[in-house]
Amino acid sequence: IYGNAVYGGNAFVDGTVDFQAGGSLSQGTPIDFLAACDTLAALAGDLSLVPANGSTTVRVWGAIELVGNDPDVNVFTLEAADVTGATSLTIDAPAGSKVLVNVGGGAMEFSAMGMSLNGVGRGDVLFNLYEATDLTVRWISFQGSLLAPFASVFFEAGNLEGTLVAGDLEGYGELHDYPFGGEICVGTDCERSNCSVAYTIVNEWPGGFQADVQVTYTGDPASTWTAEWGFLGDEQINNLWNGAWSQTGADVSVDDVGWNGNIADGSVIGFGFTGTGVPSGIDGFTFNGVACD
């Protein structure tokens, strides 16, 4: 045996078996396939609910172009009709980010399709076929992992550079071990941040200070905004511009003042204030209810 051997229940190994290159025999924990099936089916459903934040273009001649700009996770949505018969699929996303492609539909085919990745690698890409019952993969070098827990897969030819999770599998395609290495938050309590805040003390004097707040927003367009945070010390605002403010104890809330209420992806919202006390920093900054980085 060139490598290790792992057994579940019992093993009988006599002297005719030789472990090469430092390999060894050990007992492992058998996989509970029923429990794994339930877990993976639930995961596919949860991932299907993650909202898309990337740009999807399906050309009439069969080319699919997925472009994302998020440094962390880029999510795209396709349908079975988009991928069946497609001639090429290109994913362009920042290096170091992860890619989730949710594909809806019961039956689909990835066939004779050229796939290319720009920025990300094959271990960064996960295709979630959360409704698929029949899947054909043929004549393709599939770049990424496939999660299709309900699908009967016919893998006729080609190779898959990742992990395949399916209901059952037949065929003679090659599987190359490049598992998906990302983390994608699912559920109701993991809303991804769509803002970042820069809080700067621009002036300070005995008993008082001046601060500047700059919020970079990367979410959907909105016509109003509210920023909230808590002071770490006993600071009290006495004047604020470019916003309507209120303060209760250490907690502060600032609303837009109408003319600066409209925001879009890429907007920078700025306001400033003067206050009393010694500036000690802020905590728990949120913008329209979402925690900012």
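Of the candidates Asp18, Asp38, Asp70, Asp46, the single residue that is assigned to a loop (DSSP other than H, G, I, E, B) and open to solvent by 60 Å² or more (accessible area, probe 1.4 Å) is Asp18. Of the set (1) open to solvent by less than 20 Å² (accessible area, probe 1.4 Å); (2) at pLDDT 95 or above, all apply to Ser141 but (1). Restricted to the range 55-67, and to residues there that are in contact with a Gly (Cβ under 8 Å, 6 or more places away or on another chain) and within 22 Å of Ile140 (Cβ to Cβ), the residue that is most open to solvent (accessible area, probe 1.4 Å) is Val67. Inspection of the range 174-183 identifies no residue that is crowded, with 16+ Cβ neighbours inside 10 Å and under 21 Å from Ala63 (Cβ atoms).
So for the range 68-85 (the condition being under 22 Å from His176 (Cβ atoms) and touching a helix residue (DSSP H, G or I) at 6+ places or on another chain (Cβ under 7 Å)), does at least one residue qualify?
Here is the first cut: in the range 68-85, the ones under 22 Å from His176 (Cβ atoms) are 83.
From what is left, the residues that are touching a helix residue (DSSP H, G or I) at 6+ places or on another chain (Cβ under 7 Å) are none.
Checking the range 68-85: not a single residue is under 22 Å from His176 (Cβ atoms) and touching a helix residue (DSSP H, G or I) at 6+ places or on another chain (Cβ under 7 Å).
Which count do you get for residues in the range 262-293 that are charged (D, E, K, R) and either assigned to a strand (DSSP E or B) or closer than 11 Å to Gly219 by Cβ (or both)? Result for the range 262-293: 2.
Only one residue in Val13, Val6, Val73 is touching a Ser or Thr at 6+ places or on another chain (Cβ under 8 Å), β-branched (Val, Ile, Thr) and farther than 23 Å from Leu147 by Cβ. Which one? Break it down stepwise before answering.
Numbers: Val13 fails: touching a Ser or Thr at 6+ places or on another chain (Cβ under 8 Å); Val73 fails: farther than 23 Å from Leu147 by Cβ.
Selected residue: Val6, the only one of Val13, Val6, Val73 that is touching a Ser or Thr at 6+ places or on another chain (Cβ under 8 Å), β-branched (Val, Ile, Thr) and farther than 23 Å from Leu147 by Cβ.
Residues that are within 15 Å of Gly54 (Cα to Cα) and surrounded by fewer than 18 Cβ atoms within 10 Å (Cβ to Cβ) within the range 80-94 comprise Thr90, Pro94, listed in sequence order. Here the condition is being without any contact (Cβ under 8 Å) to a residue 12 or more places away in the chain and more than 18 Å from Ala166 (Cβ to Cβ); of Val75, Val99, Val67, Val60, it holds for Val60 alone.
Are any of the residues in the range 156-164 farther than 18 Å from Asp82 by Cα, of a type in the set (D, E, K, R) and open to solvent by less than 50 Å² (accessible area, probe 1.4 Å)?
Filtering the range 156-164 for residues farther than 18 Å from Asp82 by Cα gives 156-164.
In the following step, the residues that additionally are of a type in the set (D, E, K, R) were identified as 156, 161.
Filter again for open to solvent by less than 50 Å² (accessible area, probe 1.4 Å), leaving 156, 161.
Yes; the residues of the range 156-164 include at least one that is farther than 18 Å from Asp82 by Cα, of a type in the set (D, E, K, R) and open to solvent by less than 50 Å² (accessible area, probe 1.4 Å).
Residues of the range 159-173 that are among the β-branched types (Val, Ile, Thr) and not in a loop (DSSP other than H, G, I, E, B): Val165 alone. When the range 191-223 is filtered for residues that are farther than 26 Å from Val73 by Cβ and out of contact with any strand residue (DSSP E or B) (no Cβ under 7 Å at 6 or more places or on another chain), the ones remaining, listed by number, are Glu204, Trp205, Pro206, Ser223.
Any residue at all in the range 38-56 that is more than 30 Å from Lys98 (Cα to Cα) and of a type in the set (Ser, Thr, Tyr)?
Pass one, the range 38-56, residues more than 30 Å from Lys98 (Cα to Cα): none.
No.
Condition test on Val58, is it touching a helix residue (DSSP H, G or I) at 6+ places or on another chain (Cβ under 7 Å) and not charged (D, E, K, R)? Judged against the criteria, Val58 is a match. Only one entry in Val202, Val254, Val215 is open to solvent by 30 Å² or more (accessible area, probe 1.4 Å) and assigned to a strand (DSSP E or B), namely Val202.
Residues that are surrounded by fewer than 21 Cβ atoms within 10 Å (Cβ to Cβ) and part of a strand (DSSP E or B) within the range 124-138 comprise Asp134, Thr136, Arg138, listed in sequence order. Exactly one residue out of Val186, Val120, Val125, Val165 is of a type outside the set (Asp, Glu) and more than 15 Å from the chain's Cα centre (by Cα), and it is Val165.
Residue count for the range 21-35 under the criterion of being open to solvent by 50 Å² or more (accessible area, probe 1.4 Å), at negative phi and among the aliphatic types (A, V, I, L, M): the result is 3. For the range 223-251, a residue qualifies if it is in a loop (DSSP other than H, G, I, E, B) and within 30 Å of the chain's Cα centre (by Cα), and the qualifying residues are Ser223, Thr224, Trp225.
The values are calculated or read from the model by the stated rules, or taken from the named source; none is laboratory data. Remember, it's a predicted structure, so these values are computed and weren't measured experimentally. Glycine also receives a Cβ, built like all others from the backbone with ideal geometry; neighbour counts cover every protein chain displayed. What goes into the accessible areas is simple: the full protein's heavy atoms, side chains included, and nothing from ligands, DNA or RNA. Shrake-Rupley method; radii C 1.70, N 1.55, O 1.52, S 1.80 Å.
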